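Colleague: The structure under discussion is supplied below as structure tokens; questions concerning it will follow.
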């Protein structure tokens, strides 16, 4: 019979968390108690079965779910995220298997994913909607959903703190004296973008400012697409003799950089502040260098693996929502 951490906890008269700390050599437990718990674990055969399991190739499957491929792709953001996942899998002794799947209507994704072939499943939820998660309710292995979060208590999520991050960078523009602030949003909506807009609106409202619908530009979430769409938006504003905001919050860096080029070409005589979100490598080298929200992508990936490992090794049936904080990197694009 398989020995799990809860079995050791009952035998030792401690919590499962204390057993996990002892086995994984974490702080928060005395050396005497650690050794006592390790002895019980050895006597129960826990480490013997872990060695057997290692020879069976422990696997974590990371599933990249695409709906239209408009946001998820071969970008620096997702490259760094995967690097963090790989690093933590290696540290914990798990083989990482990466699958790219395009979600089609009327198709059961579990038939393609085959989750039973892995010890646990990491699901990239960037382009997913809440209804897309229904297929994963009956999944047979531990599951953690990465880079999105929804109003449900039925799954574990590890995501960026989008609302607070957007609020803080908009507040920074307000502190610089801006009162007419627009938003450059994506024509293809994902949950992350919706949350960032909520943070933007909250900052505007709580500082007694007004957001006008015409100061929201909708652009394709790519460098070239945002450049072309922003040019059309600016030309429309000029044609209708409308005042351009003095500052813009863009929902990601690709959008910000493409839009910044369009603004520079169309409004060459005016200085318009623009800020982004993600801190991709190009943000530092565009002209002017972009003020943005820095997301620690490697840390985000590692935390998702750690939570999945905890679910695999402790058979934890509770569900956790983890929001990873961000920092603002101030560069010359904010005035």
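The values are calculated or read from the model by the stated rules, or taken from the named source; none is laboratory data. Remember, it's a predicted structure, so these values are computed and weren't measured experimentally. When we count neighbours, we look across all protein chains shown, and the Cβ atoms used for this are built from the backbone with ideal geometry, even at glycine.
Colleague: Given 147, 175, 154, 132, which one is closer than 30 Å to residue 273 by Cα and in the same structural domain as residue 61 (by TED's automatic domain parsing)?
Modeller: 147
Okay, residues lined up against (1) out of contact with any helix residue (DSSP H, G or I) (no Cβ under 6 Å at 6 or more places or on another chain); (2) closer than 22 Å to residue 320 by Cα; (3) in contact (Cβ under 8 Å) with a residue 12 or more places away in the chain; (4) surrounded by fewer than 18 Cβ atoms within 10 Å (Cβ to Cβ):
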site	(1), (2), (3), (4)
164	yes, yes, yes, yes
169	yes, no, yes, no
173	yes, no, yes, no
179	yes, no, yes, yes
186	no, no, yes, no
200	no, no, yes, no
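Residue by residue, here is whether (1) part of a loop (DSSP other than H, G, I, E, B); (2) under 23 Å from residue 322 (Cβ atoms); (3) touching a residue at least 12 places away in the same chain (Cβ under 8 Å) holds:
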{"residue": "89", "(1), (2), (3)": "no, yes, yes"}
{"residue": "104", "(1), (2), (3)": "yes, no, no"}
{"residue": "116", "(1), (2), (3)": "no, no, yes"}
{"residue": "128", "(1), (2), (3)": "yes, yes, yes"}
{"residue": "131", "(1), (2), (3)": "no, yes, no"}
{"residue": "134", "(1), (2), (3)": "no, yes, no"}
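Colleague: Here's something else I'd like to know. Just name the residue that is nearest to the chain's Cα centre (by Cα) out of those in the stretch 169-184 that are assigned to a helix (DSSP H, G or I) and over 23 Å from residue 229 (Cα atoms). Quick ask: steps written out before the conclusion?
Modeller: Step one: of the stretch 169-184, the residues assigned to a helix (DSSP H, G or I) are 169-175.
In the following step, the residues that additionally are over 23 Å from residue 229 (Cα atoms) were identified as 169, 171-175.
Numbers: 169: 18, 171: 22, 172: 23, 173: 24, 174: 26, 175: 27 Å.
Applying the filter and picking the extreme gives 169.
Colleague: Here is a further query. Here's a check for you: in the stretch 144-153, which residue that is touching a residue at least 40 places away in the same chain (Cβ under 8 Å) and in contact with a helix residue (DSSP H, G or I) (Cβ under 8 Å, 6 or more places away or on another chain) is farthest from residue 308 (Cα to Cα)?
Modeller: Across the stretch 144-153, the extreme among qualifying residues is 150.
Colleague: Are any of the residues in the stretch 271-281 more than 17 Å from the chain's Cα centre (by Cα) and crowded, with 24+ Cβ neighbours inside 10 Å?
Modeller: Yes: one or more hits.
Colleague: Could you please find all residues in the stretch 313-322 being touching a strand residue (DSSP E or B) at 6+ places or on another chain (Cβ under 6 Å) and either in a strand (DSSP E or B) or crowded, with 19+ Cβ neighbours inside 10 Å (or both)?
Modeller: 321, 322
Colleague: So which residues in the stretch 138-154 are within 21 Å of residue 194 (Cβ to Cβ) and surrounded by 21 or more Cβ atoms within 10 Å (Cβ to Cβ)?
Modeller: Those that are within 21 Å of residue 194 (Cβ to Cβ) and surrounded by 21 or more Cβ atoms within 10 Å (Cβ to Cβ): 145, 146, 147, 148, 149.
Colleague: Considering only residues that are surrounded by fewer than 18 Cβ atoms within 10 Å (Cβ to Cβ) and within 16 Å of residue 312 (Cβ to Cβ), look in the stretch 4-45 and name the one that is modelled with the highest pLDDT.
Modeller: So the residue we want is 6.
Colleague: Here is a follow-up. Could we say that residue 274 is touching a residue at least 40 places away in the same chain (Cβ under 8 Å), within 22 Å of residue 191 (Cβ to Cβ) and assigned by TED's automatic domain parsing to the domain that holds residue 198 here?
Modeller: no
Colleague: Now for a separate question. Given the structure, is residue 48 out of contact with any helix residue (DSSP H, G or I) (no Cβ under 7 Å at 6 or more places or on another chain) and either modelled with pLDDT of 85 or more or in a helix (DSSP H, G or I) (or both)?
Modeller: Details: out of contact with any helix residue (DSSP H, G or I) (no Cβ under 7 Å at 6 or more places or on another chain): yes; either modelled with pLDDT of 85 or more or in a helix (DSSP H, G or I) (or both): yes.
When the stated conditions are applied, residue 48 passes them.
Colleague: Condition (residue is farther than 30 Å from residue 156 by Cβ and under 26 Å from the mean Cα position of the chain (by Cα)) applied to the stretch 317-331: is it met by at least one residue?
Modeller: Yes, some residue in the stretch 317-331 is farther than 30 Å from residue 156 by Cβ and under 26 Å from the mean Cα position of the chain (by Cα).
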